[in-house]
1. Among residues other than Val403 whose Cβ falls under 9 Å from its Cβ, what is the net charge (Lys/Arg +1, Asp/Glu -1)?
2. Starting from the Cα of Lys246, draw a straight line to each of the lysines and keep only those under 24 Å, dropping any in the same chain fewer than 8 residues away.
3. Among Val644, Val662, Ser683, which residue has its Cα furthest toward the positive end of the charge dipole of segment 634-695, with +1 on Lys/Arg Cβ and -1 on Asp/Glu Cβ?
4. Within the chain, what percent of beta bridges assigned by DSSP are antiparallel, to the nearest 5?
5. Roughly how many debye, to the nearest 20, is the charge dipole of segment 642-719 about its Cα centre, given +1 on each Lys and Arg Cβ, -1 on each Asp and Glu Cβ, and no other charges?
6. Quick check on packing: order 400-408, 534-542 by the mean number of other C-beta atoms within 10 Å, highest mean leading.
7. On a full-extension model of 0.36 nm per residue, what is the gain between Asp4 and Asp157, subtracting their alpha-carbon distance, rounded to one decimal in nm?
8. Between segment 11-42 and segment 220-257, how far is it from one alpha carbon centroid to the other, in angstrom?
Amino acid sequence: MKFDQPATRNPVDRLRIVGKPHDRIDGPLKTTGTAPYAYERHDVAANQAYGVIVGAAIAKGRIRRIATDAARSSPGVIAVVTHENAGKVGKAKAITAKLLAGPEVDHYHQAVAIVVANSFEQARAAAHLVEIDYERAEGRYDLEKEKSAAVKPKMEDPADTAVGDFDGAFASAAVKIDQTYTTPDQSHAAMEPFATIASWQGDKLTVWTSNQMIAWAQRDLCEVLGLQKENVRVVSSYVGGGFGSKLWVRSDAVMAAVAARVAGRPVKVALARPQITNNTTHRPATIQRIRLGAGRDGKLTAIAHETWSGDLPGGQPETAAMQTRSLYAGANRMTAHRLATLDLPEGNAMRAPGEAPGLMALEIAMDELAEALKMDPVELRIVNDTQVDPEKPERPFSQRDLVGCMRTGAQRFGWERRVATPAQVRDGRWLVGMGMASAFRGNLTMNSAARAAIDGKGIVTISTDMTDIGTGSYTVIAQTAAELLGVPLEQVRVRLGDSDFPVSAGSGGQWGGNSATAGVYAACMKLREAIARKAGLMAGDARFEGGRIVSGSRNMSLAEVAGRAGLTAEDGIEFGDLTKKFAQGTFGAHFAEVGVDADTGEVRVRRMSGAFAAGRILNPKTARSQVIGAMTMGLGAALMEEAVVDARHGYFVNHDLAEYHVPVHADVPLQDVFFMDEVDDKSSPMKAKGVGELGLCGSAAAIANAVYNATGVRIRDYPLTLEKIL
Ligand code: MOS
């Protein structure tokens with residue numbers, strides 16, 4: 001089904017099931033520990049052996065010699081696999097890092113060997129017996145130091161943009177800000193580690209793994225291992241958090257596959273928590289210079305955002321200036337991305353790549369500008385709203401209610417009680433402050449296909465390779481099918497995460513919910529036609545309700561029409577160029593209240609509140625869960641998260657959850673989430689948009705601005721730990 005015209009009225013608009021806060025249909029499986037995650041698939045292959053990966057102990061250099069004899073003769077050991085006996089292990093174009101080292105080592109904890117044994121304990125014990133002689137080389141680990149050697153990177157979007165005369169406008173601006181902000185490396189810290197079971201049946205490989213993008217995983221495994229697509233099956237039914245870290249396969253999948261081939265048995269591998277940070281991927285640190293010039297009325301006349309980040313050779317920049325191209329009006333503007341080479345582990349997408357760190361900087365800069373203008377920060381955002389893409393004024397936003405979010409959010413939060421002068425409000429030992437920031441994240445759409453079937457009992461089954469990374473895909477897909485076919489939710493079965501199913505959008509870039517349900521919409525519309533045809537009716541005239549198809553005086557049960565053989569339809573949504581004609585975004589306003597201990601500098605977030613405009617909300621309960629999870633991640637980004645670089649040895653020092661701090665329940669206050677009543681006919685037939693990443697975009701800056709309001713101390717280097725406040 002092509003989607004190249006705005007959606008008209010369609011059966012989803014009835015909103016009998018879509019748009020309702022249904023509990024997750026996979027909730028009982030998860031809360032009872034019976035949802036099978038990859039590592040727990042004891043059922044899928046007999047005789048599973050255990051693999052433990054050995055990571056490189058240097059960040060850059062060569063392996064001179066690997067001695068594996070001691071490991072091989074250790075009890076229970078079946079195989080030790082290194083680059084010397086792994087067979088061909090190539091590099092996938094889409095993945096920056098090589099997933100098996102040797103003889104070159106490109107980053108710390110890059111996989112150099114896997115030890116396979118009958119038990120996990122035997123494999124782990126033997127892994128310690130692998131002796132590796134390294135030749136260490138000089139590496140580049142310090143972004144600040146490498147910044148001057150950074151280059152303009154090749155990116156999908158242009159690295160740089162410029163409109164009007166920034167320099168002239170900035171020089172003559174009545175009020176200006178010129179500041180540099182930094183954000184640290186961050187780790188995704190998903191609950192479920194990277195884990196895979198690999199099994200060969202002759203030439204055919206099956207991996208049960210934890211992955212967000214099944215078709216990409218299949219493609220990349222083919223490329224790395226030199227296999228044909230029809231010989232690789234990827235299954236990822238449940239994913240215990242990805243946040244972008246599982247957009248691409250990592251060493252657990254590749255090493256399990258290689259090890260299973262050498263061992264002649266299925267092999268299961270999970271990365272130990274302390275391996276994840278350095279073996280896999282992280283959000284790269286940024287240095288961002290922002291210049292804002294405005295008239296006394298607060299209207300921006302000049303906007304510049306330059307950002308520097310680093311990655312392994314061949315890698316990509318953190319696109320932190322991207323949102324500055326379209327968030328605020330202003331005639332004279334420029335953005336630039338620069339990329340330095342670093343020999344740290346691969347930097348890549350982490351939830352809201354680009355916008356998350358970009359808004360951490362831009363939205364402090366806006367707060368600084370508001371203060372310089374003596375203007376309310378909410379009003380500053382409102383006067384700089386734009387309904388068209390500021391770099392391409394001929395391109396309007398499909399919908400943009402940033403202003404509505406600002407006004408509604410401010411009112412719900414009680415923003416009018418804020419005292420603009422910093423460090424004026426005291427509650428016992430606590431200095432209390434309020435801050436706010438815009439939320440903004442692009443709305444991407446991705447083609448997505450599904451199969452819809454109905455059997456002789458009226459049970460509907462949806463199959464698609466879409467994944468559920470804890471977001472609620474199972475549930476919103478079931479709601480979509482139930483709505484379109486007019487059957488109760490309990491009559492829908494959803495099967496996800498299998499490369500044998502039609503290729504979906506997958507879970508990434510907050511495109512999954514809208515795109516995947518739009519694909520299910522296409523398949524269900526086709527199934528409606530098949531049902532109507534078999535019943536001798538016209539689908540366009542028929543109503544599907546109560547498990548029946550109704551048209552004029554005809555009224556038949558779907559089960560009866562489907563009959564014993566059942567009916568199946570397959571289709572997908574193909575997005576045309578509506579996204580070229582219309583800028584698509586999701587918007588919001590974040591508000592936060594913090595208390596800062598006047599003696600110790602400890603920051604406690606007391607309240608968080610946000611209003612969001614993100615098209616039709618398919619399920620207010622799962623959507624709210626996404627947003628509060630993201631707001632919590634923003635709290636972590638503001639106050640605690642930092643993967644600390646050891647710039648001598650080139651690795652992240654705090655590589656476990658004891659030392660890499662993320663918020664726990666006691667850190668998270670009352671979170672108020674409000675969704676604007678919005679329907680976007682240009683986003684898809686579902687009229688929905690992404691919401692999974694929006695809540696993270698801007699939330700850290702709202703907290704940073706609240707800390708300033710509480711204390712009068714402006715911190716421009718995240719995270720805002722107490723030694724920076726004192
Ligand atoms: Mo998201 S960082 O594209 O999973």
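Rule-based calculations on the coordinates, nothing more; no lab input. Predicted model only: the values in this text are computed from it and were never measured. Cβ coordinates were reconstructed from backbone atoms using ideal geometry, including for glycine residues, and neighbour counts include every protein chain displayed.
1. +1
2. Lys30, Lys88, Lys91, Lys93, Lys98, Lys154, Lys204, Lys229, Lys268, Lys689
3. Ser683
4. Beta bridges within the chain, antiparallel portion: roughly 75 percent.
5. 260 debye
6. Values: 400-408: 21.3, 534-542: 14.9.
Highest to lowest by the protection proxy: 400-408, 534-542.
7. Working: separation 153, 0.36 × 153 = 55.08 nm, distance 2.20 nm.
Separation in residues times 0.36 nm, less the Cα-Cα distance, equals 52.9 nm.
8. Here the two parts' Cα centres lie 24 Å apart.
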